[in-house]
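Any read-out appearing in this document is the output of simple, stated calculations on the displayed coordinates, not a laboratory observation. Just so we're clear, the structure is a prediction, and the values are computed from it rather than from any experiment. A quick note on method: Cβ atoms are made from the backbone with ideal geometry, for glycine too, and the neighbour counts reach across all protein chains shown.
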Amino acid sequence: MVRETVEAPESTPWQAVVLTLYPEMFPGPLGAALAGRALRAGTWKLETVDIRDFARDKHRTVDDQPFGGGPGMVMRADVLAGAIDATAASWDGPPPIYLSPRGRPLCQARVRELANGSGARLICGRFEGVDQRVLESRGVEELSIGDYVLSGGETAAFCLIDACVRLLPGVVGARESLAEESFEQGLLEYPHYTRPPTFEGRDVPQVLLSGDHARIRAWRREQAEKITRERRADLWAQHREKFAQG
Ligand code: 9D3
């Protein structure tokens, strides 16, 4: 009988490559807690590339004034292209991602796709933005983390990487993943309580102490729906659509 040798899957960890003018900001918060533990365990790895290393002049210039005028500076296409291309040969993951306030909003579905792949190559901008031509020529995807203004892409990169890493196998326990599935029905979470039963005169809702698990489940569901309706009309409409009864 012929038996093929079944090799263990080549276990190359999920990889984040971050192109930035501030490599000293990394791993930063990703070196602590859940993500930091997973980093030290070899579940994922982090590489930073200093974009300034790809400047060509003696002043190591990475930006210039915008053609057409206007405020601020723009990151040069040639410098950024050099940094992207230097990381391309060893990369078998998706096209680079530019974290940008004009990107499509990052969502959990995209996070899941990225976490299921081999990694993410992230470009962190500073200045007003980067030259449009390098985004086009290198097939760059643009992602935003929300409608507020950051001072640069690095903190957005922390968010994206953190969201991916916690989905990698073994990073978060099975209990939490199950809890997440119910959250993915598209509702915000119900309120939580623990000891003491009275805090500054405020009692824990009686139902949670009743031991009646059907009533507790119904109460939590009610609360989740109420809070979603009040805070997130957009999520609520989506939820109603998905679970419409006729
Ligand atoms: C006045 C025009 N500004 C756009 C709102 C210019 C501008 C402000 C801030 C350009 C870049 C930035 C830096 N922001 C990011 O790099 C960024 C970001 C953000 O500011 N909000 C949400 N998501 C992201 S992802 C990267």
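Points to keep in mind about this one:
- For region 175-244, the direction-averaged projected area of the alpha-carbon convex hull comes to 5.9 nm².
- Percent of beta bridges antiparallel (DSSP, the chain, rounded to nearest 5): 15 percent
- Percentage relative contact order, the chain, counting C-alpha pairs under 8 Å, at least six apart: 18 percent
- Residues in region 95-106 carry Karplus couplings, in order, of x, x, 10, 9, 7, 8, x, 9, x, 5, x, 5 Hz; the curve used is 6.51 cos²θ - 1.76 cosθ + 1.60 with θ = phi - 60°, and Gly or Pro positions show x.
- Per-residue packing, averaged as other Cβ atoms within 10 Å, sorts the ranges 62-68, 197-203 into the order 62-68, 197-203, beginning with the highest.
- Taking 150, 188, 80 as the candidate residues, the one with maximal mean-square fluctuation in a Gaussian network model of the chain, Cα springs under 10 Å, is 188.
- Close amide H contacts of residue 48 (hydrogens built in the peptide plane, cut-off under 5 Å, sequence separation of 5 or more or a different chain): 18.
- Gyration tensor over alpha-carbon atoms, region 109-176, equivalent ellipsoid semi-axes in Å: 26, 15, 9
- Approximate spin-label separation residue 221-residue 78, in nm, with each point projected 7 Å along Cα-to-Cβ: 6.4 nm
- Volume per residue of the convex hull around the Cα atoms, evaluated for region 2-165, comes out as 147 Å³.
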